[in-house]
1. Inside region 201-224, can you point out the residues that are of a type in the set (Gly, Ala, Ser) and part of a loop (DSSP other than H, G, I, E, B)?
2. Test of understanding: among 158, 184, which residue is under 30 Å from residue 361 (Cβ atoms), modelled with pLDDT under 95 and aliphatic (A, V, I, L, M)?
3. When you check residue 53 against the structure, is it of a type in the set (Asp, Glu) and either on the phi > 0 side of the Ramachandran plot or not in a loop (DSSP other than H, G, I, E, B) (or both), yes or no?
4. Hey, can you tell me all the residues within region 376-427 that are touching a Phe, Trp or Tyr at 6+ places or on another chain (Cβ under 9 Å) and of a type in the set (Val, Ile, Thr)?
5. Can you run down the residue pairs with Cβ atoms below 8 Å, 6 or more apart or on separate chains, where the first is in region 258-280 and over 19 Å from residue 239 (Cα atoms) and the partner is aliphatic (A, V, I, L, M)?
6. If residue 384 satisfies all but one of (1) surrounded by fewer than 22 Cβ atoms within 10 Å (Cβ to Cβ); (2) under 18 Å from the mean Cα position of the chain (by Cα), what's the number of the condition it fails?
7. Is it true that some residue in region 256-273 is surrounded by 14 or more Cβ atoms within 10 Å (Cβ to Cβ) and assigned to a helix (DSSP H, G or I)?
Amino acid sequence: MNSFQHPRLIQGGMGIAVSNWTLAKTVSRLGHLGVVSGTAINSVLVRRLQDGDLDGSTRRALTQFPSNEIVSNILQTYFIDGGKLQNQPYKRAPLYNLKSSTSLLQLTMVASFVEVFLAKENHAGKIGINLLEKVVLPNLACLYGALLADVDYVIMGAGIPREIPGALDLLSQNKIASLKVPVAGSTSEDQNVTSFDPAEILGAAFFKPLKRPYFFPIVSSSTLALSLKKKSTGQVDGFIVESPLAGGHNAPPRGPMKFNDLGEPIYGERDNVDLGEMKDLGLPFWMAGYYATPEKMKEVCDLGAHGIQVGTLFAFCDESGFDQILKDKVISKIRSGQRPENGWVFTDPVSSPTGFPFKAVRLDGTVSENTVYESRKRICDLGYLRHAYKTESGEVKQRCPAEPVKDYLKKGGLIADTVGRKCLCNALMADIGMAQIQSDLSLEKPLITAGDDLNNLIKILESTPQRTDRAGYSASDVIHYLGL
């Protein structure tokens, strides 16, 4: 595919399951690139099944998976006909390790397949999947499941995904692929890798020819883009260039970390991307992070960009996976002009266990309020953002700065690393109406993330007539606003 054939508009891959199959399918059918989130997709699948899969979509997709035996085991383990009781906790999927169990890798592969299959079902549009490089352990199984569903694009941020292009090459040939796993305390002699063997996890009897999708890493500088183009293990097909104004995880500022009066990281001139340098790389690129206006889109396209990626404006539309009550709350506040004194979005330098700055919407009753979060009993029961570390005996184990402090310290972690850390895994599951009931009977609270484009949401709302059935707007309203 030549660059001019790629869609100009990419819908951002927002996790956990905010960019669900419904949103991606809608955007794709309108002629653009719809993207599903692959983050924590195994937990999304098992909770949908425990909620009863009331519309039958998940089970319909499961019937299309190659192995009936694998699907049957998943349904027997997690499906609850009619849905679980409201006060019943969700059964959790197992935690990942360098060598995860076959059943967990099968669950992950199937979950990714289901999401992509449903997004692509009954239309000819293009679908991508977004993953986080930092969440390394599930990624190979996620990629293979997406390939089985004929995914068209893979987009990856939150790190430097040099090994992903080569992994895509191997997985598309049904071959074993491996990724290096960063392990604190390891030496250059240590070989810490996680692998995925399609023959072992799926079974060679089910092999079919697989399409190698296009790969777009998310970068914050032309220097990183050049490095990925030259040093990746396989072909890079384009770039998403993300500014610090984008939602979710942001790249840290280049140079020493400094803060403004609100405690947010200060980004300077060094953090601005030179579009001329990006153009000189000879690959298509899309700008992301506060570019979702017709004027800004035209400006960056005139400077060489192929188009833009838009997340935040899609995040609160009818088709997104955000819990409807949360969407209505945000939209109502924006319509009313109740803008917080310090703005809608706070760039929190410490909340994410990854160490990357993370954007949080200022909204009452969510864990963006420290008082709300401090009342929460610390627990790490999903574990997607854990870090691997090497013990004195040479074992590789995992820890999370947001887990109980005493547990983190026992594992050799520093107490300074725990200050201000928040359990994003549970909070983001709560965002989509799948909050866990913990052992103390507390219900996990949400943490909404959005980019600075949230300030532009009023423009869409003002141009969209209020209806009696809802306060919101559709994905097509976003596309119409952008003039596409």
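The values are calculated or read from the model by the stated rules, or taken from the named source; none is laboratory data. Just so we're clear, the structure is a prediction, and the values are computed from it rather than from any experiment. When we count neighbours, we look across all protein chains shown, and the Cβ atoms used for this are built from the backbone with ideal geometry, even at glycine.
1. If we filter region 201-224 for residues that are of a type in the set (Gly, Ala, Ser), which is where we start, we get 203-205, 220-222.
Within region 201-224, 203, 220, 221 qualify.
2. Details: 184 fails: under 30 Å from residue 361 (Cβ atoms).
Selected residue: 158, the only one of 158, 184 that is under 30 Å from residue 361 (Cβ atoms), modelled with pLDDT under 95 and aliphatic (A, V, I, L, M).
3. Working: of a type in the set (Asp, Glu): yes; either on the phi > 0 side of the Ramachandran plot or not in a loop (DSSP other than H, G, I, E, B) (or both): yes.
The answer is yes for residue 53.
4. Selection gives 396, 415, 418.
5. So the pair list comes out as 258/266; 259/266; 260/266; 265/257.
6. (1)
7. Restricting attention to region 256-273, the residues satisfying the condition of being surrounded by 14 or more Cβ atoms within 10 Å (Cβ to Cβ) are 264-267, 271, 273.
Keeping just the survivors that are assigned to a helix (DSSP H, G or I) gives 271.
Yes, region 256-273 contains at least one residue that is surrounded by 14 or more Cβ atoms within 10 Å (Cβ to Cβ) and assigned to a helix (DSSP H, G or I).
Yes/no per residue for (1) within 25 Å of the chain's Cα centre (by Cα); (2) of a type in the set (D, E, K, R); (3) under 16 Å from residue 113 (Cα atoms); (4) modelled with pLDDT of 95 or more:
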site	(1), (2), (3), (4)
58	yes, no, yes, yes
67	no, no, yes, yes
71	yes, no, yes, yes
80	no, no, no, yes
